[in-house]
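Here is the structure we will look at.
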Ligand code: GAL
Ligand code: CA
């Protein structure tokens, strides 16, 4: 009995010593300090600023797990040169991991060189660099969402609505006259969303006639302007507006509201993102549908990866595609996520 007790005490003692050593080591190496530099392409972008908020929250949630987290945020206001400088500042400020939302997704080389020089891992997000760039170094990662899927989901929602509401084809010519509001040229979420939405509609047996398109760079005010131009050209011929994101769909709705169109002369509008304003517009019946770009999950995945790459812990738990990519799925529905 006595011997057992002593053995138990010894075991507890040695475990405590091990734990103490582990803590001491972590402190010494600063391994429990996660100092994240977040570089955003433009904080006036609705979805993006929401995503950055989620990322911050997810990173700080590691404070409860024994880490000390700090987040330093920089807004490049759409200038790649400014962003390059901001990353140097973040490195000087002592960040040990960088989350980069590139302004120009084809121009990450300066950032990659900097990261390599100081041996700081980089998680690119939302604006996907080409594979050759990601493959330049083994501490470069990408977290985003699969663009094709959002296009397919948008197409499915639109097809469903058109099938169940034959009056969507207002001039009854058997075709749906549509226009597209496109995001930034060269962005992986612009052209791919459009192509997949249109292909899905066609594959569901819907005949389409494209009237026009406008580039509105994800922006509500620009979309309103583009839409006003298209309305002045096509008047009430437009039956469907496919927008690459919610802000542009809302901008298109703004244009019709400005012109006081009656409900029976309105096209149906579809967006992508599931922003708060868009979900509200869906509730009010103004927006026919949106696809949820899961910013909460993207933030969680990035935070987990950031902690793993800094500490080297739990890296095996992270599930990658093509070694260093993580794509968080979209969610479909008509507004209830
Ligand atoms: C897209 C999103 C857009 C815009 C863009 C910025 O994924 O749907 O609304 O935020 O990212 O890169
Ligand atoms: Ca028609």
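Is it true that some residue in the range 154-166 is within 16 Å of ligand 2 (Cβ to nearest atom) and not in a helix (DSSP H, G or I)?
The answer is yes; a qualifying residue exists.
Do we find a residue being more than 13 Å from residue 243 (Cα to Cα), in a helix (DSSP H, G or I), within 16 Å of ligand 1 (Cβ to nearest atom) and in contact (Cβ under 8 Å) with a residue 40 or more places away in the chain anywhere in the range 126-134?
Looking for residues that are more than 13 Å from residue 243 (Cα to Cα), in a helix (DSSP H, G or I), within 16 Å of ligand 1 (Cβ to nearest atom) and in contact (Cβ under 8 Å) with a residue 40 or more places away in the chain, one finds none in the range 126-134, hence no.
Looking at this structure, is residue 299 out of contact with any strand residue (DSSP E or B) (no Cβ under 6 Å at 6 or more places or on another chain), within 16 Å of ligand 1 (Cβ to nearest atom) and in the same structural domain as residue 67 (by TED's automatic domain parsing)? Spell out how you get there, then give the answer.
Working: out of contact with any strand residue (DSSP E or B) (no Cβ under 6 Å at 6 or more places or on another chain): yes; within 16 Å of ligand 1 (Cβ to nearest atom): yes; in the same structural domain as residue 67 (by TED's automatic domain parsing): yes.
Considered against the rule, which asks whether it is out of contact with any strand residue (DSSP E or B) (no Cβ under 6 Å at 6 or more places or on another chain), within 16 Å of ligand 1 (Cβ to nearest atom) and in the same structural domain as residue 67 (by TED's automatic domain parsing), residue 299 comes out as yes.
Kindly establish whether residue 120 is buried (at least 18 other Cβ atoms within 10 Å of the Cβ), on the phi < 0 side of the Ramachandran plot, more than 21 Å from the chain's Cα centre (by Cα) and in the same structural domain as residue 212 (by TED's automatic domain parsing).
Judged against the criteria, residue 120 is not a match.
When both residues are 6+ apart or on different chains and their Cβ atoms are under 6 Å apart, which pairs have a first residue that lies in the range 233-249 and is in contact (Cβ under 8 Å) with a residue 24 or more places away in the chain, and a second that is part of a helix (DSSP H, G or I) and within 16 Å of ligand 1 (Cβ to nearest atom)?
As it stands, the answer is 241/252; 242/197; 243/249; 244/193; 246/278; 247/46; 247/220; 248/223, since those pairs meet every condition given.
Among the residues of the range 220-230, is there at least one that is part of a strand (DSSP E or B), within 16 Å of ligand 2 (Cβ to nearest atom) and either assigned by TED's automatic domain parsing to the domain that holds residue 183 or in contact with a helix residue (DSSP H, G or I) (Cβ under 9 Å, 6 or more places away or on another chain) (or both)? First the steps, then the outcome.
The initial filter retains those residues of the range 220-230 that are part of a strand (DSSP E or B), namely none.
Within the range 220-230 (the criterion being part of a strand (DSSP E or B), within 16 Å of ligand 2 (Cβ to nearest atom) and either assigned by TED's automatic domain parsing to the domain that holds residue 183 or in contact with a helix residue (DSSP H, G or I) (Cβ under 9 Å, 6 or more places away or on another chain) (or both)), the answer is no, since none of the residues qualifies.
Pull out all pairs, ordered by first then second residue, where Cβ-Cβ is under 9 Å, the residues are six or more apart or on different chains, the first lies in the range 170-193 and is assigned to a helix (DSSP H, G or I), and the second is within 16 Å of ligand 2 (Cβ to nearest atom).
Close Cβ pairs (under 9 Å, with a partner that is within 16 Å of ligand 2 (Cβ to nearest atom)) amount to 193/242.
Could you figure out which of (1) within 16 Å of ligand 2 (Cβ to nearest atom); (2) part of a helix (DSSP H, G or I); (3) buried (at least 21 other Cβ atoms within 10 Å of the Cβ) isn't true of residue 234?
Here residue 234 clears every test but (3).
The values are calculated or read from the model by the stated rules, or taken from the named source; none is laboratory data. Quick caveat, the model's predicted, so the values are computed rather than measured. Neighbour counts are summed over all protein chains in view; Cβ atoms, including those assigned to glycine, are modelled from backbone coordinates with ideal geometry.
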